[in-house]
Amino acid sequence: MTQPAPPPRTLPAIDPDNRAYWTRGRDGVLAIFKCHSCHAYVHPPVPFCPACDTVAVSPQAVSGRGTVVTFTVNHKQWVPGLPVPYVLALVALEEAPEVRLVANITHCDPAEVTFGMAVEVWFEPAEDLWIPQFRPARSAA
Ligand SMILES: [Zn+2]
């Protein structure tokens, strides 16, 4: 399914902690902070592990596969040029279901999105950032 032009976005402020999350998509990598001590995933990225308080955290590549935990279909055009309707979802990562990413579900009709739907990451370029987005998984896990 052909996608419309990317919507106008307010881009995040980049800092040393979130840089990998917003830029590693250039190489097709979804990078999530992981603790080297207790192995918990940490998201949003912060320079310590909330589970064990160590500072031994760094971005690690994850598969980019996940499931839709919940979602909403938005029909209101909040800003000029925003294509509607669109899906805003919480996606749980395969390796770390406790990590929930807020993203759009694209490459399908919004009416096709379901709870528990298998999805995979793709990256929408925006200036010098690569926004993690999700689309239906090509092959069900
Ligand atoms: Zn930890």
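Under a 5 Å amide H cut-off, with hydrogens placed 1.01 Å from N, Arg9 pairs with nothing among residues at least 5 apart or on other chains. Sparse packing (at most 16 other Cβ atoms within 10 Å of the Cβ) combined with a DSSP loop state is found for the following GluC sites (Glu not before Pro) in the stretch 101-141: Glu127.
Trypsin sites (Lys or Arg not before Pro), restricted to the stretch 24-87: which are DSSP loop and have at most 11 other Cβ atoms within 10 Å? Sites meeting the loop and neighbour criteria: Lys76. Other residues lying with their Cβ under 11 Å from the Cβ of Pro47 contribute a combined charge of -2, Lys and Arg counting +1, Asp and Glu -1.
Loop-resident chymotrypsin sites (Phe, Trp or Tyr not before Pro) (DSSP state other than H, G, I, E or B) in the stretch 1-110 with no more than 11 further Cβ atoms inside 10 Å of their Cβ: Trp78. Phi angles of the stretch 16-25 translate, via the Karplus equation with coefficients 6.51, -1.76, 1.60 and θ = phi - 60°, into HN-Hα couplings of x, 7, 9, 4, 5, 4, 8, 10, 5, x Hz per residue; Gly and Pro are given as x. What is the antiparallel percent of DSSP beta bridges lying wholly in the chain, to the nearest 5? Around 95 percent of the beta bridges assigned by DSSP in the chain are antiparallel ones. In sequence order, the stretch 110-118 has phi-based couplings of x, 5, 8, 6, 9, 5, x, 4, 6 Hz under the Karplus curve 6.51 cos²θ - 1.76 cosθ + 1.60, θ = phi - 60°, and Gly or Pro positions carry x. A cut-off of 5 Å between modelled amide H atoms, ignoring neighbours fewer than 5 places along the same chain, links Trp122 with Gln133, Phe134, Arg135.
For Ala40, nonlocal amide neighbours, meaning residues 5 or more places apart or on other chains whose placed amide H falls under 5 Å from its own, are Cys35. With all pairs of different C-alpha atoms in the average, the Kirkwood value for the hydrodynamic radius of the stretch 19-136 is 15.0 Å. If each Cα of the stretch 12-64 is one equal point scatterer, what is log10 of I(q)/I(0) from the Debye formula at q = 0.27, 0.32 Å⁻¹? Debye output, listed in q order: -1.01, -1.23.
Laboratory data are not the source of any read-out in this text; all were calculated from the coordinates shown. Given the structure is predicted, the values throughout are model-derived calculations rather than measurements. Glycine also receives a Cβ, built like all others from the backbone with ideal geometry; neighbour counts cover every protein chain displayed.
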